[in-house]
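Since the structure comes first, as structure tokens, the remarks are kept for the end.
Read the figures in this text as sums done on the coordinates, not as results from a lab. In this text, all values refer to a predicted model and were calculated from it rather than measured experimentally. We place every Cβ from the backbone using ideal geometry, glycine too, and count neighbours over all the protein chains shown.
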Amino acid sequence: MKKRVLTLTTPIALAFIGLFSLVWLFIPAPIFAVDYTVGGICGSTIQACINFAAPGDTIIIPAGNYNESLTLIQPISLTGVSSATTIIQAVANRRVLTVAGAAVDNSSIISGLTFTGGDVSGGGRAATWL
């Protein structure tokens, strides 16, 4: 007597593909940090690039004198090409850099920059971490 084998290969395969596709939709894609250079796609000012960047990104600041007062509210890094040639001068009566927000942590690196001219009247600081 010949045995009959029932094959459900196509429905099972389709169910497996459907389940795999559904699970794949809910797995977050890996996030990669990006380096942005001031004057490039992120904008012509350091603050524009800070606002453009996502957490974990790095802002590369070319050599030059910048007259800006910066506010950092997310964990990004600021990297100048050299502290001897990348100088950030505060806007009059403002701090050079204010770091605010619980999201900024020790993953943020600030290097290769010289800060100068911040408002220190009334016991304030040129740079402030809040």
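Just to be sure I understand: if I project the alpha-carbon convex hull of the range 35-129 onto a plane and average over all orientations, what area do I get in nm²? Let's see the in-between values first.
Values: hull surface 22.6 nm².
For the range 35-129, the mean projected area of the Cα convex hull comes to 5.7 nm².
Among 96-102, 54-60, how do they line up from the highest to the lowest mean number of other beta-carbon atoms within 10 Å?
Numbers: 96-102: 15.9, 54-60: 17.7.
Top to bottom by mean Cβ count within 10 Å: 54-60, 96-102.
Can you give the extra length, in nm with one decimal, that the chain gains between Thr37 and Ala100 once fully stretched, where that is 0.36 nm per residue apart less the Cα-Cα distance? All intermediate terms of the calculation are to be shown ahead of the outcome.
Numbers: separation 63, 0.36 × 63 = 22.68 nm, distance 2.25 nm.
So the chain would gain 20.4 nm between Thr37 and Ala100.
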